[in-house]
Structures are given as C-alpha cells and as structure tokens.
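Novice: The structure is given below, and queries will be raised subsequently.
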Amino acid sequence: MFEKALQEMAAELRDLRMRAGAPSLRQLSTQILDNDTLPATVSMSTLSDVFSGKRLPRWDSLSAIVKTLNGDERQWRVRWMRLVELAAEREPRKL
C-alpha cells in the first residue's frame, strides 16, 4: 500500500513539474537553493529519488519542491501526511 501511494505521489509530482515548464533537476535544485524564503535546500540526488518514487522526503524538502513548482502546498501536505501514516503502519510494532 505504501509503495503504491509513494509511486502515485511521484507521478503527480512529475506532472506538477511538467506544468511548471519541466525544469531539470539541476535547475530545480538551484531555484530552491537561491530562494531564501523556502524551508530547506534539496539536492539533485534527493530530487531524483523523490521524482522516481524511491523515498518519501521530509516535509520541508517536499514543501520547497511544491512551492518552487507553484503547487498547492496544503494539498501536498495532506498527501504527505497520508504517506507518513502508511509508512508508520508498515513498521513493525515494538513491545
């Protein structure tokens, strides 16, 4: 369930990136780095992992990506929280 949801989020991020003019990962990383109002910087390797669905980013990283691509941050926060919940569900419970 988590992996499928992560892949769906990655596909939606790729769509958002295309609607924003399809900046390269280098361009996107630089735009994020150059914007002092964003909560984080995001490396090209992190961007690659996020857009390919290899891992769930921290919220500050996803927020920086979404803001840079002119996405709806509140909408993406809901998606991210759902993935955090799914990730927690698949973790083994410690007694």
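The values are calculated or read from the model by the stated rules, or taken from the named source; none is laboratory data. For clarity, every value in this text was computed on a predicted model and none was experimentally measured. FYI the Cβ positions are ideal-geometry reconstructions off the backbone, even for glycines, and counts take in every protein chain you see. When the accessible area is computed, the model is the full protein with side chains, heavy atoms only, and any ligands, DNA or RNA have been set aside. Shrake-Rupley method; radii C 1.70, N 1.55, O 1.52, S 1.80 Å.
Novice: Filter the stretch 1-44 for residues that are in a loop (DSSP other than H, G, I, E, B) and touching a residue at least 60 places away in the same chain (Cβ under 8 Å) and give the result.
Specialist: Filtering the stretch 1-44 for residues in a loop (DSSP other than H, G, I, E, B) gives 1, 20-24, 35-43.
Listed by number, the list holds a single entry, MET1.
Novice: Quickly run through the stretch 42-58 and pick out the residues that are in contact with a helix residue (DSSP H, G or I) (Cβ under 7 Å, 6 or more places away or on another chain) and open to solvent by 40 Å² or more (accessible area, probe 1.4 Å).
Specialist: Within the stretch 42-58, SER43, MET44, SER48, SER52, ARG55, LEU56 meet the criteria.
Novice: Considering the stretch 59-78 alone, what residues qualify as being in a loop (DSSP other than H, G, I, E, B) and either open to solvent by 60 Å² or more (accessible area, probe 1.4 Å) or hydroxyl-bearing (Ser, Thr, Tyr) (or both)?
Specialist: Answer for the stretch 59-78, where residues must be in a loop (DSSP other than H, G, I, E, B) and either open to solvent by 60 Å² or more (accessible area, probe 1.4 Å) or hydroxyl-bearing (Ser, Thr, Tyr) (or both): ASN70, ASP72.
Novice: Among the residues of the stretch 48-58, count how many are over 20 Å from GLN75 (Cβ atoms), of a type outside the set (Ser, Thr, Tyr) and assigned to a helix (DSSP H, G or I). Break it down stepwise before answering.
Specialist: Let us first name the residues in the stretch 48-58 that are over 20 Å from GLN75 (Cβ atoms), namely 48-49, 52, 54-55.
Adding the requirement that they be of a type outside the set (Ser, Thr, Tyr) leaves 49, 54-55.
Retained after the next criterion (residues that are assigned to a helix (DSSP H, G or I)): 49.
Residues that pass the stated criteria total 1.
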